[in-house]
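S.K.: So that we are looking at the same thing, I have put the structure below in structure tokens.
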Amino acid sequence: MNWSTEHRTGAGKTVSGSSGVVLYGGPTSPFARMARVFGEELGLGFRYEVIDVYNAEFLDRLNPLRQIPTLVVDGERAVFDSRTIFDVMARWSGREDVLPGCEDAQATRIALMLGATEACLQYRMEIVRPEGERSRTVEEKLLTRLDRCLDHLESIAGQITDGPFRLEQVVAACTLEYVDYRYARSWRDRCPRLDSWSNAFAQRGSMVRSRPAE
């Protein structure tokens, strides 16, 4: 989406849009966290606002899906779906080099990590259902999928962790911490390369500020 005005952020970046840029997310949303961390790492100026998406009727006219994350400029113009927000943030900051671009392998790794995050989110939603509505079959299917993804990511860890900062590293770090938060930390024992790298990446200010409360 092409905004018609520009403003300067505190970090000196030029951003298409005005100073009224708000990223709406939730207290634990992994996808909103990815967008927040990515934007902060790029030095963009915006306000992160936590909302209860189930009661956020104000969002309906801007994002009929009423989903988070949603990025809103001047209360009037919205960008939604985390992947779209990533693209817009990179363009706003003049850092499109941090996106996969034409690198299909990198784009596929990002898709895999987003899919693993979605599996973990679905698992969480399944286990909080009333006992009579839970499906153990669905739970096991999701956990098997998640473990399969983690094992594969460990086998290609160097492709994710090596090299300069880029989007896929933000997605990886937030995905792995979300698995810790919603599932278990036991994967770290069998994924030492991801474990070591994510522990280091977790010390970045953007990760610390955005970490959900225990």
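The values are calculated or read from the model by the stated rules, or taken from the named source; none is laboratory data. As the structure is a computational prediction, the values presented were derived from the model and not from experiment. Ideal geometry is used to build each Cβ from the backbone, glycine not excepted, and the neighbour counts take in all protein chains shown. Protein only, heavy atoms only, side chains kept; ligands, DNA and RNA dropped before computing areas. Shrake-Rupley method; radii C 1.70, N 1.55, O 1.52, S 1.80 Å.
S.K.: Report the relative contact order of segment 112-214, percent, no decimals, based on alpha-carbon pairs under 8 angstrom and at least 6 residues apart. Show your work: numbers first, answer last.
M.R.: Working: 67 pairs, mean separation 32.1, N = 103.
Contact order relative to length: 31 percent.
S.K.: Looking at the square roots a ≥ b ≥ c of the eigenvalues of the Cα gyration tensor of the chain, which shape do they give, rounded for a/c under 1.5, prolate if a/b is larger than b/c, or oblate?
M.R.: Cα axes put the chain in the oblate bin.
S.K.: Let me have the relative contact order for the chain, percent, based on Cα pairs under 8 Å that are six or more residues apart.
M.R.: Values: 282 pairs, mean separation 41.1, N = 214.
Averaging sequence separation for qualifying contacts and normalising by length gives 19 percent for the chain.
S.K.: Counting only residues 5 or more places away or on other chains, whose amide H sits under 5 Å from the amide H of residue 70 once H atoms are built in the peptide plane?
M.R.: 24
S.K.: Going toward the positive end of the dipole of segment 7-149, with +1 on Lys and Arg Cβ and -1 on Asp and Glu Cβ, which of 63, 119, 29 do you reach last?
M.R.: Farthest towards the positive end: 29.
S.K.: Okay, moving on. Highest first, please rank the peptides 190-200, 155-165, 27-37 by the mean number of other Cβ atoms sitting within 10 Å of their residues.
M.R.: 27-37, 190-200, 155-165
S.K.: Still on this model: Using the basic label-point model (7 angstrom from Cα toward the beta carbon), what is the residue 91 to residue 138 distance in nanometres?
M.R.: So the two model labels end up 3.7 nm from each other.
S.K.: So, one more: Can you put 53, 138, 128 in order of accessible area, largest first, using a 1.4 Å probe? Numbers along the way, then the final one.
M.R.: Working: 53 30, 138 60, 128 85 Å².
Final ranking, largest accessible area leading: 128, 138, 53.
S.K.: Additional query: What do you get for the angle between helix 30-41 and the principal long axis of the chain? Use alpha-carbon atoms, 0 to 90 degrees, nearest ten.
M.R.: Helix 30-41 sits at roughly 50 degrees to that axis.
S.K.: Measuring from centroid to centroid over Cα atoms, what is the spacing of segment 38-76 and segment 122-158 in Å?
M.R.: The distance from the Cα centre of segment 38-76 to that of segment 122-158 comes to 28 Å.
S.K.: Here's a follow-up. Nearest 10 degrees, 0 to 90: what angle lies between the long axis of helix 104-127 and the longest principal axis of the chain (Cα atoms)?
M.R.: 70 degrees
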